[in-house]
Amino acid sequence: MSRVALLDPVLMDKLEQHQRELVEKGRELAHNLGSDKERQLRNILAIAEGSRSWALVELFMRYQAGRRQLNANWTEKAISELDGLKQLARSIAPDKQPEIVAELHLELVKRVLGYAIWWYVWQSAAQSKDRRERS
C-alpha cells in the first residue's frame, strides 16, 4: 500500500475490521485449487506485491491459466472474487481519491492471496495425512 494510505490510521483500522472476511475469502480461493498449486499462488502473490496494478495481477492469472498452470474455471472464479474486493476498498475509503482506493484494493488482494496460501498449505497437509492414514 502507498505511504499515504499506510499513514492513515483510520483507514488501517477500517481495513483491520475486515480481517475475518479476508481470511474467509482466502479459504474459498484455496478450496478446489487442485494439487501442487502452492507455487502458483506464491507466484501470483509475488506479482501482486511487485505491482501497483490489479490489471497486471489479473493478466498474470489469465496467462498462467492459458499455460495450463491453473485451472481456467478456478482462475475465472478467483479473478471475480479478487476483483470484487474493489467494492470493499470503496466501502473502507469512500471519501478517498481513486488512486488510494486502487491501492487499498491491491492491498486487499495481497492479503487474500497470502491467506489463500496459508489455507492451501493447511488443506494439502490434511489431505496428505488422510492419504497416509488410509494406506
Within 13 Å of E38 (Cβ to Cβ), of a type outside the set (F, W, Y) and modelled with pLDDT under 95 - does that describe any residue in region 110-123?
yes
Which residue out of L56, L33, L41, L70 is closer than 27 Å to Q17 by Cβ and of a type in the set (A, V, I, L, M, F, W, C)?
L41
Number of the condition not met by G34 [criteria: (1) modelled with pLDDT under 95; (2) surrounded by 21 or more Cβ atoms within 10 Å (Cβ to Cβ); (3) under 28 Å from A125 (Cα atoms)]
(2)
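Of all helices (runs of 4 or more DSSP H) completely enclosed by region 1-116, which ones contain at least 2 residues that are of a type in the set (K, R)?
Details: elements: 3-6, 9-16, 19-30, 38-50, 54-66, 72-92.
So the answer is 19-30, 38-50, 72-92.
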Residue count, region 77-115 (criterion: open to solvent by 20 Å² or more (accessible area, probe 1.4 Å), closer than 16 Å to A30 by Cβ and free of Cβ contacts under 8 Å to residues at least 60 places away in the same chain):
3
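The values are calculated or read from the model by the stated rules, or taken from the named source; none is laboratory data. Please read these numbers as outputs of a predicted model, since none were measured by experiment. All Cβ positions, even for glycine, are placed from backbone atoms using ideal geometry, and neighbour counts span all protein chains on display. Ligands, DNA and RNA are excluded from the accessible area calculation, which covers all protein heavy atoms including side chains. Shrake-Rupley method; radii C 1.70, N 1.55, O 1.52, S 1.80 Å.
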